[in-house]
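Undergrad: The structure is given below, and queries will be raised subsequently.
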Amino acid sequence: MKLRISNIALKNFKTFKDISIHPNPDFNIIIGENSSGKSTIFEAIHLWEKCYQTYILSSRKGFYKVKRSTNRYVNYQDLDFLRITKDEDLFHDPKDPELGKCAEISISLTNDDEEAQTWNLGFKVTCPTSIENAFYRVQPIEEEQFTLFSQAFCGAGKFLDEAIFIYQTRPVAGVHQFEPYYNEAQIKRKIQKGSSHEVLRNKIISKRKSISDLETSISQIVQKEIKFILPPSTRREKDEYVCLDVSVDGSKPYDLHLQGSGFLQIVEILATVEFIDAPLKLLLVDEPDSHIHSKLQQNLLNYLRKIDHNQFFIISHNDQFVTNAGDGEVFFISDDVKADGSLTAIDSTGFDIIKNALGGVILSLEKLNQAKHIAFVEGKDDASYLHTLNKKLKDITAVAGCLSEVTFFPLRGKDNIAQKIEYNKRTLNSLMRGKTWNAIFDRDFSTPEVDSKLKQNISRNCVPFSHEGYCIESVVFSEQEILKRYINSYVDYLPNAEVNQFIDELLEQLRNDIQNPNSDLNKTIEVRFNGQKNNRPEFSALQFIDVMRSWSDQGVFRVERVMSKPMIRDFITSLELKLGRSLFLRTSNDDEEIASKFFNGYLLFINSIDDVVQSLKSLFIQLGVINEQQAEHQDEEQVA
């Protein structure tokens, strides 16, 4: 019989009000924020096992028949695996109108060997009202299910207490130097009590006949030749403690307790897996990556997947485990999951998208889960700029909100942006709900009509925002008085009026050149437009002449609408020629570097709210960081 847990249902149990967990039959990696309930799942499994063992008859062939007046009990003092300080801490809500001081823990066992059979083995765990911290009353939820399971399992001469072996391995920092000899029953008891590492030597020598298999498995994982030097079997009768040395790559053998914590963690897991024989070996692993080097984690995962009759539940905060997981193996616990009452595996494409956009999967999931707003941006530079501006705003004004409630999600460009936003929003929505969605993008070659239509396409459950400029760096040119104050902050050796005249001359020259269809500059920009048009559905009916018309509003030339990064570079280098020196240090005249230096310099220049161009104010109003009345009031004060 090949047993697997196919469902775990918890009601009124600690952090879970009512949840159904649908595990993978082989491998489960559980991730989530601190205190989200990861370890609580392990506690529930341990408590279920305690109840299960309590209901087995002394014959080991059946379960107690429970009448209404008859109960079984588990002692409060025997439940040291539960993180509670008093008995009623076991319950999500001790005053729950339906359950009160009662929790329900159900595990569905499925036999995959032949025709699928499933038994729903659940217990009610009740706290007595007459005495505190003494015991819990235990009753089966569906007694018939226990009867059916015992008949199916014991028919072949097996015993119920051998059906399932649940053990939890924790981070192993070291093992005892002096480990006494134990018999098989004592070793199993140590494992069940969570002290498996205290009998590591005993587990290894118990497999004396197959020790070469264990050595080969460990060697494959650590990628070094491992040899155990076992004491002769006769030493059990003469010695008090187990003497066990280890040789690594043919080196001089040293005692097991002198080995590194990562090596001991791997040996502990494998030795325990090899020691136990049961139709279902349930291995609960808490933070295996805390001592195991990242290079070995993938080897360990690959090995564990090959072991039959095992089902693994792993709690991890390490991206190495997550990114190397297979389909249907990663489970993310969040408040949304607990509210929905169902924990299922993350679609692998979901965390692939998150990893590509934000880097690590786990930290990024936690950031996304904590955020109130998720804002799609074109690239990581945009997110960095906005975080820097947010810090400035907190220094210069009393902000209404906090940008830490916003997580920026880079889309890697504006090509097919509406489809990108819809796809990513749908994927992220499957992981977390209750978020406000924003889309922040450059205007580039869009005319006001194209920009408005694109926003309409995006605005379904998502609030769009386009910068008042070709790109975010160009918004500084939208208010030339601010632009001039900023540039003059670099120049202390010339009068402001002279610097301002240089700026005016360059912008006027730019206006004349770019609006002349026969100029080299105009032709260069037309080539860039045609290059973008192929990948931009919103440009399909747009002509370059329409773009040229959009550069002016009622006859007023809007320089910010043409200031692409190459144009910003040309403006800065031309201005530096007039000034006779560079405005800022850099490694090259690359347009990306100059535009970035230029905009970051502007963000550092900001000393008051009136140094912030209106386009950026509007964005931060939309994100809830500053309010409109506050910005308007301070602007009015400056005018007065």
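The values are calculated or read from the model by the stated rules, or taken from the named source; none is laboratory data. Everything numeric in this text was worked out from a predicted model, so none of it was measured. Counting neighbours? That spans all protein chains shown, and the Cβs are built from the backbone with ideal geometry, glycine included. Just so you know, the surface numbers come from the protein's heavy atoms only, side chains and all, with ligands and any DNA or RNA stripped out. Shrake-Rupley method; radii C 1.70, N 1.55, O 1.52, S 1.80 Å.
Undergrad: So how strong a dipole does the chain carry about its Cα centre when Lys and Arg Cβ are +1 and Asp and Glu Cβ are -1, to the nearest 20 debye? The partial results should precede the final answer.
TA: Working: 76 positive and 92 negative charges, 463 e Å.
Roughly 2220 debye, rounded to the nearest 20.
Undergrad: Additional query: Roughly how many Å is it from the Cα centre of the stretch 117-190 to that of the stretch 463-524, as a whole number?
TA: Cα centroid to Cα centroid, the span is 74 Å.
Undergrad: If you rank 89, 213 by how much accessible surface each has, with a 1.4 Å probe, what is the order from largest down?
TA: Details: 89 45, 213 95 Å².
I get 213, 89, largest accessible area first.
Undergrad: While we're here: In the chain, with Lys and Arg counted as +1 and Asp and Glu as -1 at Cβ, which of these residues, 465, 254, 509, has the Cα nearest the positive end of the dipole, that is, farthest along it?
TA: Selected residue: 254.
Undergrad: Roughly what % of Cα-Cα distances in the chain sit above 45 Å, to the whole percent?
TA: Details: 84415 of 204480 pairs.
Percentage above 45 Å: 41.
Undergrad: Could you work out the local net charge near residue 406, counting Lys and Arg as +1, Asp and Glu as -1, over the other residues with Cβ closer than 14 Å to its Cβ?
TA: Numbers: positive: 367, 372, 391, 394, 435; negative: 382, 405.
After counting each charged neighbour, the total is +3.
Undergrad: Something else: Quote to one decimal, in nm, the extra length available between residue 593 and residue 608 on full extension: 0.36 nm per residue of separation minus the C-alpha distance between them. Could the numbers behind the result be given before it?
TA: Numbers: separation 15, 0.36 × 15 = 5.40 nm, distance 2.62 nm.
Full-extension gain reported as 2.8 nm.
Undergrad: Normalising by the residue count of the stretch 450-609, find the relative contact order in percent from Cα pairs under 8 Å and 6+ residues apart.
TA: Working: 115 pairs, mean separation 48.7, N = 160.
After rounding, I find 30 percent.
Undergrad: Let me have the 222 nm mean residue ellipticity of the chain computed from DSSP H runs of 4+ only, each contributing -39500 (n - 2.57), with the sum over all residues rounded to the nearest 500.
TA: On the way: 22 runs with 257 residues, N = 640.
Value at 222 nm, helices only: -12500 deg cm²/dmol.
Undergrad: For the residue pair residue 185 and residue 141, what label-to-label distance in nm results when each label sits 7 Å from Cα along the Cα-to-beta-carbon direction?
TA: Computed distance between label sites residue 185 and residue 141 equals 3.4 nm.
Undergrad: Does the stretch 98-196 classify as rounded, prolate or oblate by the C-alpha gyration tensor (a ≥ b ≥ c root eigenvalues; a/c under 1.5 gives rounded; else a/b over b/c gives prolate, otherwise oblate)? Don't jump to the answer; show the numbers that get you there.
TA: Values: a/c = 2.31, a/b = 1.21, b/c = 1.92.
It comes out oblate by the Cα gyration axes.
Undergrad: Then there is this: So if we plug the beta-carbon distance of residue 545 and residue 7 into 1/(1 + (r/R0)^6) with R0 = 56 Å, what FRET efficiency do we get, rounded to 0.05? Provide the component values of the computation, followed by the final result.
TA: Values: r = 64 Å, r/R0 = 1.14.
According to the calculation, E is roughly 0.30.
Undergrad: I'd like the accessible area for residue 581, computed on protein heavy atoms only with a 1.4 Å probe and all protein chains in place. Round to 10 Å², please.
TA: Roughly 130 Å² of residue 581 is accessible to a 1.4 Å probe.
Undergrad: Name the residues of the stretch 152-182 whose amide N is less than 11 Å from a point 7 angstrom out from the Cα of residue 258 along the C-beta direction?
TA: none
Undergrad: A follow-up question, please. At q = 0.13, 0.19 Å⁻¹, what is the log10 ratio I(q)/I(0) for the stretch 425-560, with the Debye formula run over Cα points and no solvent?
TA: -0.72, -1.16
Undergrad: Given a 1.4 Å probe, how much area per residue of the stretch 520-640 is accessible, in Å²?
TA: Per residue, the stretch 520-640 has an accessible area of 50 Å².
Undergrad: Post the alpha-carbon centroid distance, the stretch 390-443 to the stretch 543-568, in whole angstrom.
TA: Computed from Cα coordinates, the inter-centre distance equals 27 Å.
Undergrad: How much of the accessible area of the chain, probe 1.4 Å, is carbon plus sulfur, in whole percent?
TA: Numbers: 13180 of 29150 Å².
For the chain, the apolar C and S fraction of the accessible surface comes to 45 percent.
Undergrad: Which one of 539, 556, 160 has its Cα pushed farthest toward the positive end of the charge dipole of the chain, where Lys and Arg give +1 and Asp and Glu give -1 at the Cβ?
TA: Most positive-ward Cα: 160.
Undergrad: Suppose every K and R has +1 on its Cβ and every D and E has -1 on its Cβ; what is the size of the dipole of the stretch 445-492 about the Cα centre, in Debye to the nearest 20? Mind showing how you got there, number by number?
TA: Working: 5 positive and 7 negative charges, 54 e Å.
Rounded to the nearest 20 debye, it is 260 debye.
Undergrad: From the cross-link list 158/227; 238/306; 380/533; 158/295; 17/281, which pairs have alpha carbons spaced over 30 Å apart? Intermediate results must be reported in sequence, preceding the final value.
TA: Values: 158/227 36 Å; 238/306 39 Å; 380/533 23 Å; 158/295 41 Å; 17/281 28 Å.
Cα-Cα > 30 Å for 158/227; 238/306; 158/295; rest within.
Undergrad: Using only the Cα atoms of the stretch 213-284, what do you get for the radius of gyration and for Dmax, in Å?
TA: Radius of gyration, then largest Cα-Cα span, for the stretch 213-284: 13.7, 40 Å.
Undergrad: If you put +1 on each Lys and Arg Cβ and -1 on each Asp and Glu Cβ, how big is the dipole of the stretch 56-214 around its Cα centre, in Debye rounded to 20? It would help to have the intermediate numbers written out before the result.
TA: Values: 23 positive and 23 negative charges, 162 e Å.
Charge dipole of the stretch 56-214: 780 debye, to the nearest 20.
Undergrad: Using label points projected 7 Å from each Cα along Cα→Cβ, tell me how many nm separate residue 509 and residue 627, to one decimal.
TA: If labels sit at residue 509 and residue 627, their model points lie 4.8 nm apart.
Undergrad: Here's another thing I want to ask about it. Can you tell me how much longer the chain between residue 347 and residue 251 gets when fully stretched, taken as 0.36 nm per residue apart minus their C-alpha distance, in nm with one decimal? Spell out each step's value before the answer.
TA: Values: separation 96, 0.36 × 96 = 34.56 nm, distance 4.55 nm.
Gain in length upon complete extension: 30.0 nm.
Undergrad: What is the calculated FRET efficiency for residue 22 to residue 404, with r their C-beta to C-beta distance and R₀ = 30 Å, to the nearest 0.05? Show your work: numbers first, answer last.
TA: Details: r = 33 Å, r/R0 = 1.11.
The formula returns an efficiency of 0.35 here.
Undergrad: What nm distance separates the two modelled labels at residue 518 and residue 336, each placed 7 Å from Cα along Cα→Cβ?
TA: 5.9
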